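The values are calculated or read from the model by the stated rules, or taken from the named source; none is laboratory data. Being a predicted model, the structure only gives us computed values, none of them experimental. Every residue, glycine among them, receives a Cβ derived from its backbone with ideal geometry; neighbour counts consider all protein chains shown.
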Amino acid sequence: MLLKAKLLECGVDYPRVHGVRRLLRLLAEVVGGSGGEALEGVLRRYSLELALLEDVYITARYVPRDFTREDVLRLKGVVDEVVRVVGGITCEGESEEA
């Protein structure tokens, strides 16, 4: 929801998808500059974890699946990083950290 809210803030009507990676790529294109680079960095560093989050979102509705505490903490760390980076993005393309 944070990614969709940021896209709306930037004046973009987000696609009706749940793919975190797709939304991050779209936001990176929209904001450009250092903000876009920061988002691309998140995509590169956490590609596998973000793909797993997408799979979990879909399969959790239909297939019971167990996760270890370590799995959950690792994915939570990735989510926290996405929230931090997206929170620092302005729609003009610069990151507030820059």
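The criterion of at least 3 residues that are of a type in the set (D, E, K, R) and at pLDDT 95 or above is met, among helices (runs of 4 or more DSSP H) falling completely within segment 1-95, by 33-45, 69-87. Residue under question is residue 63, and the condition is that it be within 19 Å of residue 84 (Cβ to Cβ) and of a type outside the set (S, T, N, Q); does it hold? So residue 63 fails the test. Tell me, please, whether a residue that is of a type in the set (A, V, I, L, M) and more than 14 Å from the chain's Cα centre (by Cα) can be found in segment 34-55. The answer is no, given that none of the residues of segment 34-55 is of a type in the set (A, V, I, L, M) and more than 14 Å from the chain's Cα centre (by Cα). Would you pick out the residues in segment 56-72 that are charged (D, E, K, R), under 21 Å from the mean Cα position of the chain (by Cα) and surrounded by fewer than 12 Cβ atoms within 10 Å (Cβ to Cβ)? Within segment 56-72, 61, 70 qualify. Condition first: within 17 Å of residue 3 (Cβ to Cβ) and either in contact (Cβ under 8 Å) with a residue 24 or more places away in the chain or small (Gly, Ala, Ser) (or both). Can you find one or more residues in segment 64-77 that meet it? Scanning segment 64-77, I find at least one residue that is within 17 Å of residue 3 (Cβ to Cβ) and either in contact (Cβ under 8 Å) with a residue 24 or more places away in the chain or small (Gly, Ala, Ser) (or both), so the answer is yes.
Remark: pairs (first residue in segment 19-47, within 15 Å of residue 83 (Cβ to Cβ) and hydroxyl-bearing (Ser, Thr, Tyr); second residue modelled with pLDDT of 95 or more and part of a helix (DSSP H, G or I); Cβ separation under 6 Å; 6+ apart in sequence or on different chains) = 46/78. Annotation: residue 7 fulfils all but one of (1) crowded, with 16+ Cβ neighbours inside 10 Å; (2) in contact (Cβ under 8 Å) with a residue 60 or more places away in the chain; the unmet one is (2).
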